[in-house]
Structures are given as C-alpha cells and as structure tokens.
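Computed from the coordinates by the stated procedures, all read-outs in this text should not be read as laboratory data. Fair warning: this is a prediction, and the values are worked out from it, not measured in the lab. Virtual Cβ from ideal backbone geometry, glycine too; neighbours counted across all protein chains shown.
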Amino acid sequence: MNPKAPRAWGRLSSRQDGPMGLTLPVPACFSPDRLRCLGPLLVALVGSVALPVPWIALAAAQALPNGSPLVRQSFVAEAVRRTGPAVVTIETERVLTAASGGSQAGPLDDPMLRRFFGVPPAAQPGPRKVRGQGSGVIFQAHGLLLTNAHVVEGSTRVTVGLLDGQRVEGQVVGLDRLTDLAVVRLLRSGPWPVAPLGNSDALQVGDWAIAVGNPFGLDHTVTLGIISSLNRSASKLGLSDKRFDLIQTDAAINPGNSGGPLLNADGEVVGINTLVRTGPGAGLGFAIPINRARSIASEIVATGKVIHPVIGVSLSGLPVGPGGQPQPGALVVKVLESGPAARSGMQSGDVIVAVEGRIVRTPSEVIAAVEASGVGRPLTLGLLRAGRPLQLKVLPGEWGKAP
C-alpha cells in the first residue's frame, strides 16, 4: 500500500494495523456530520480485506460526536433492570410421614440378631422435613406474588427471598392445580417492587423471550430466547390433568425456574414459567400466558379458589384428513359415568364440532368454550355421530366435585 495517501484521506490518531501489518487509511468523511459514508466504506473495505473487529469499532467510535463510545447496553439488561427486583426465590418446607407398613420384614429386623451382629437399632419411621425451591414474581405492591401451584402445594412453611437480600415469610392465599398457578402473600408490610404485566395475546412467534428465575438455586439467572410457538395444548404434552394452553420458548428453563416470569423485550411479564421438556436436541420451555394467570390470580385473591366448569369427557384431536389437513372438531374418547355429558346422552366416538353455534376446531377450543360458560349454565353442543349431525344440551358441573 502506498504510504502517501491522497489528501482526501486521513489516518487514525493511533496506528491501526490491518491484515498482514498493513496500515489502513481512514477517509476524512469520518467527521460526525458526514457519517453517511461510513456504511459503504466499511462494506467496500470488508469486501476486499478482512478487517479486525476492534479496528472497525475504533473507527466508528472516533466518528461519534465528542468521541462518545459505542452503546453497548443490551435491551435484555434494561428489561431485567425493570422487572428483576420483583422476581423472588421461594423456599418451601413440607413434612412427610413415612409409611408404616407395606414392606416385608428382613432377618435383621429381629432386635436379638441386631445385637448379635453389632448392628445399631433400626431408626423408627416418622415425619421428616423436605425442602424445595422455586421462583415467583410480585404483581401487587402490597405483597402478592404469582408462582406455580406445584412449587408451594403441601407446604408447611414458605420463605421468600428478594433481590436486595430480604427474606420474608409467605402465606399461600390459594392455588389451582388445574392451571398450576398459586398466589402467595408476603407477611410483612410493603410497599414491594412490582413487575409490569404485559399482554400475552399480543405475542407473536419470533418475539424475544427472557426467562428470569432461580434454577438449581442460582439466584436471578437470566436466559434469552424467542417465542417458539403459541397455544401449545397441555394435552399434547401429556398433561391430561392440566387445563391451559402454553407459550413455548427456547429460552433455557431449568428446575427452580418454575413460577418465575417470562419477559418480553420491554421487560413486561408475558408468562409464568411452568414446564420444561428435556432430551436429545430438546430443551423446550413452556410458560402459562400472563392474561390467563392474571384472571386465575384475581379469582384466587377474591375467593381463595378457582371454579372450573366441566362436562365430564376426555377429548382428543381428529386424525389428519385425506388432503393432509387436520380435521376440525374434538373426538370424545371417554365419557365420565354419571357426569354432565353422560346425562345428556353423549357417547364415546362422538365428534364435537360446535359449541353454542360456534365452530370449534380443536379440543382446546371446546375446553375454552366450556370454561367461559360457567357452572350450571346450559350449553348447546353440535355433534357428529357416525357422520350424522346431532345437537345435545349439557349442564356443566364443577371440577373436583362428585357428579
């Protein structure tokens, strides 16, 4: 390279060596008011030689007004700064009683033989404490937080740890096994940091997803991914005892993350982390949409429980049709004896195609329609039985109660 560069070119204040020790000139148009030529220049240079990244960064930094450094702050850091103080660790304590029977006596259970062989006396079975850990997020300033039901269910003691080091006793206000959600109250006066709640209905596949929690006891761990899918049915994941559609994400969710928030790029809570599927090439995380969680939490706070209407059937999707497209409707796999559907005359093998005149395409849509109806309100279901249309009126009952 000719060291006598034209006057239209200047040099960096300190010597910057390019590939093979070449000194790379910088154009005079690197002045702040002429940054528009920066992009084409870098493209041209990168096209001809492999520029070291530090050289490009330094050149761009010198082109900024007053020598301002490049902005290195990520949106993730800003999002976590906004919500992080409201993310908590939940430590639980349960008392388990050992079963007193059911096992066969061994030869050394005889006290005389134990003394002869020098074996210490057998420990008497009794209650023992089991500790667990999860995550949660404060959503009301007077000390209400959301977490998973499986994190706090059966707990005799709940301790909540905050980012600032405070440890506060908590009390379970109520939980809902069907949606795996629970509300815990902090037993100390606030105000407490609150996480902003977003709108999970506005999510799109490909949006940023930030998981915050305490996996394996590692406080306030942050992982980043995207929204991989929406409306994942719990039944498709083998959770026949749960009633929710889930947000799927590739942001890492691990044991201890349960109950922590899934954030969008603005730091708003859009989901409550609840489940992970692992295995070769897997690592899929799932979260309960915050709009659903907010509704469940409101009911728990108001009444201490959640009432779910049911019609007493097990449903599955229909097989793929001749054209390769999924067939609309929900196949009735089983009808609960003496349940609402059985009393109305529904049979296994029926296909539910409409609820209150509205077409339903999947089992999830049937469940959502029944859930929206409430207990004791008659529903008109459109069915196909052996290919023939049929209408039945069903009176939903309350989940968990005898038919």
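Remarks
- Cα gyration tensor shape of the range 286-336, rounded if a/c is under 1.5, else prolate or oblate by comparing a/b with b/c: oblate
- Contact order, relative form, for the range 300-403: 29 percent (alpha carbon pairs under 8 Å, 6 or more residues apart, mean separation divided by residue count).
- Partner aspartates and glutamates for Lys334 [C-alpha distance under 17 Å; skip if fewer than 8 residues away on the same chain]: Asp241, Asp350
- Ordering of 354-366, 175-187, 85-97 by burial proxy (mean other Cβ atoms within 10 Å per residue, highest first): 175-187, 85-97, 354-366
- Gyration tensor (alpha-carbon) shape descriptor, the range 260-403, a/c threshold 1.5: oblate
- Stretched out straight at 0.36 nm per residue, the stretch from Leu230 to Gln327 would grow longer than its current Cα-Cα span by 32.9 nm.
- Segment Leu336-Glu93, length gained on full extension (0.36 nm per residue, minus Cα span): 83.8 nm
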